[in-house]
Structure formats: structure tokens, C-alpha cells
């Protein structure tokens, strides 16, 4: 399905999303134009730039990146857009521009919260890809920014905007599977070794100082940029935040729970002996008192599917179950496993596509954000709600790194049984780059 046709059809047929109501001058009225800047363009960011540029009366005025190859990808993604964007390499200078409405952040994880705070503190709405922080404290900071600056901050957990899943949550809340009490999620892939990196001079095509930004400085090595930073604790957050965020968020959404009472994680880096620091295999469990439990299984280097799919989740209840296989699909089964209802995904998901696992289904989320900027609908995933799901992923990583089960305060998720584990709640920053609310 072509994206433009999808957008047109979705505008007419979407359940659970507010259809944009344009003023008397029509959808292209100047008062309705939303002007964006996009930070981070290597992969997902270029896709976001291209996608947003296809929405009615949305323009990309600026692109921001620090690596020449990624910048080219950004320009290529927008080659058919009516407006040629201006390049600003330094995000600190970009946010000072007065002629755009919202910042889209798709830079590496360690930049997500600092960039979102820079944007919102300069009067911009922000769409930030998951995770909304590199550590739990950053989730708190960006949530505070949402309320302090009065600007929309939406996280990229796209399933929150899919009409079919919005409807599925409604059915579960209405008792379609009885009382929901247990959720299981999974993610599998076949990632290869990143090898042992060599320290080499920084390529002339990369501003590594700006790339590191808020992270304390480390020397450049040849297996870090672009994608492999995900597997280093200094910059990334591992598979838990990279992909687990999506299904863990759905589990929390369907169960209607917030902060956990107990978290534990087991696993490790097993498949290869290389520089990869985060787990390639991880099983995490999250308890929510007497309200229920979530479990998540990740296998980054063995893609044998669960329920025939590389990713998905199951919600178990007293009268049946709901099964999702990675996209906008779901099945509701009774307690004897008879299928009572089945909804197929509008677009076949590609679970291991690093650019867009759900294809055009992402447009529901983009439309929701733009609609909120225009003041015509509420966000489906404001960052203070989304950060609760990201916190679960961070807590799983903290449990994994410390080797202990975490007891948590159900009011805020704080770790109550280990001062050592609580030290991983935040991080140190490069001097002068600390994210602060002003």
C-alpha cells in the first residue's frame, strides 16, 4: 500500500484516532502548517523525515546530524519534498531557531533526553524515539520537562496509536478474557558479532565530539558508529530498551499497571566473544503486587520464533487470552483456546526491520503527534506515561548488571533494597552537557 493512499484512507476510516478538523481555509491553510526539524538521520531518522513530510501541510525545515553519510541519507529521504531542509549540525544551535514548531529526535539513546529537554525548553514540541532516556533518571527529567514547559513530548512507541490495538485494550478492559493478570512478550533476531574494535583516528566525515555530546568522552573505535553503540552501556541500553520497549509497553498497557514491586533478570552475552556488553539473551520478570506479572524473553542472536513470530505478546486472563504477533493483529481466545475473534494487521509486520518494523502503521502515531501540535487531539503516548514502560526495561538491565532481584516502590519504581543498584538510576555527564530544566 502506498503511504499517501494509506494516509488518505486512514483519515476516513481510523477508529480510535481523532480525525483532524481543518479550519475554513482547508487543510493547507497557513494556520495549520506544522514545521519540523529532525535530529539523527542515519536510519530511523531518515524514515521519520520522509514519513512526516508526506503528512498534509507538514514541512521539514531543518535536518541535524554530525556524520556526512547520515546527512546524505536525510537529504535523499526528502529529495521529493517541496521544501529543501537546511542543515544544522549542532542541536544546541538548531533549537534556537524560531521558525519551526517541533523537533523529531532519532539520535542515539544517550541523546534522547538531552535533546528533548533542549527542544521543549526552547518552545518546541518533541517527538522522541524510544527509549525516552538512557537511564531511569532521564525518564524522570523528560517527564518533568513535559509539564514544566507545556509542550507536547511524544515517545515513539507506535503501537499506542494503532486503532486495532486501541480497540483490543478496550475489549480486555471490558472483560473479553476475564481478569487479565499475566503477560508474556518476546523478541528474537539473528544479529551477528560486532567483533573487537580498534581505536583509530576519528573519520573526517564524523564530528565525534558532537556525537558523544552529553556522554563522558571515550576514544573512537571502528565498531561503534553507526548501529553498534546500542550494545555498549556508555551510550546504549541493550535489546531491552531497543526492542523490548514496544511489547513490554503493550503488556503494561493491557494489564493496566504502572510501577513494579519486584524485578529480576537473567541472561548474558553468550553467542559471540566480542565487544558487545549488553545481554544477547535476557529473560526479565516484572511483578506488580497482586495486580499481575509481565515476563519478557529476548534472543538477539537466535531467531527461532515464538508462536510463529519473531516478536509479539500474549495477555492471559481468567477467561481466556489475547495474542499479538508483532503488528496491529490480535486474536482473542476463550479459556479452552477457541478463537472468538481475530483481527489481522493492516500491514504485514517485518519484526527485524530496523527502520520500520510496522511499515505504514507508524503513520497513525505520526498523525497523532501532528494533530496534538495543532491542538486537535490528545497524545496517545505522552512521555510521562511512556517513561513508565521504559523504566521497566531499565530496571531489567539494572537487575541484570547487578545480579540481584530488585524490590521497588510501587509509587515511583525506585529501588528499595540496594543502594548499589540505585547508583545505576542515573549517570555522569560530560562537563557542560548536563541535561537541566531551566
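Rule-based calculations on the coordinates, nothing more; no lab input. Since we're looking at a predicted model, the values are computed, not measured. Using ideal geometry, Cβ is built from the backbone for each residue, glycine included, and neighbour counts are taken over all protein chains shown.
For labels at residue 76 and residue 266 in the simple 7 Å Cα→Cβ model, what's the distance in nm? With each label placed 7 Å out from Cα toward Cβ, I get 4.5 nm.
Summary of the geometry: the stretch 359-407 and the stretch 118-185, compared by the centres of their Cα atoms, lie 3 Å apart. Protection proxy ranking for 369-380, 268-279, using the average of other Cβ atoms within 10 Å per residue and placing the highest first: 369-380, 268-279.
Using C-alpha pairs below 8 Å separated by at least 6 residues, the relative contact order for the chain is 19 percent.
For residue 137 and residue 222, calculate 0.36 nm times their separation in residues minus their Cα-Cα distance, and state this gained length in nm to one decimal.
Values: separation 85, 0.36 × 85 = 30.60 nm, distance 2.99 nm.
Going from the current span to full extension adds 27.6 nm.
Placing a pseudo-label 7 Å from each Cα along the Cα-to-Cβ vector at residue 202 and residue 411 gives an inter-label distance of 4.4 nm.
Projected label points at residue 171 and residue 430, each 7 Å from Cα along the beta carbon direction, are separated by 5.0 nanometres.
In the list [x] 4, 22, 33, 27, 12, 2, 0; [y] 4, 19, 29, 25, 15, 7, 2, 0; [z] 4, 18, 24, 26, 20, 7, 1, 0, the label attached to P(r) over Cα pairs in 10 Å bins from 0, in percent as derived from the coordinates here is [x]. Over all pairs of different C-alpha atoms in the stretch 75-211, the reciprocal of the mean inverse distance, the Kirkwood hydrodynamic radius, equals 18.6 Å.
As a test, work out the antiparallel percent of DSSP beta bridges whose residues both lie in the chain, rounded to the nearest 5.
Numbers: 41 of 68 bridges.
So the antiparallel bridges in the chain amount to around 60 percent.
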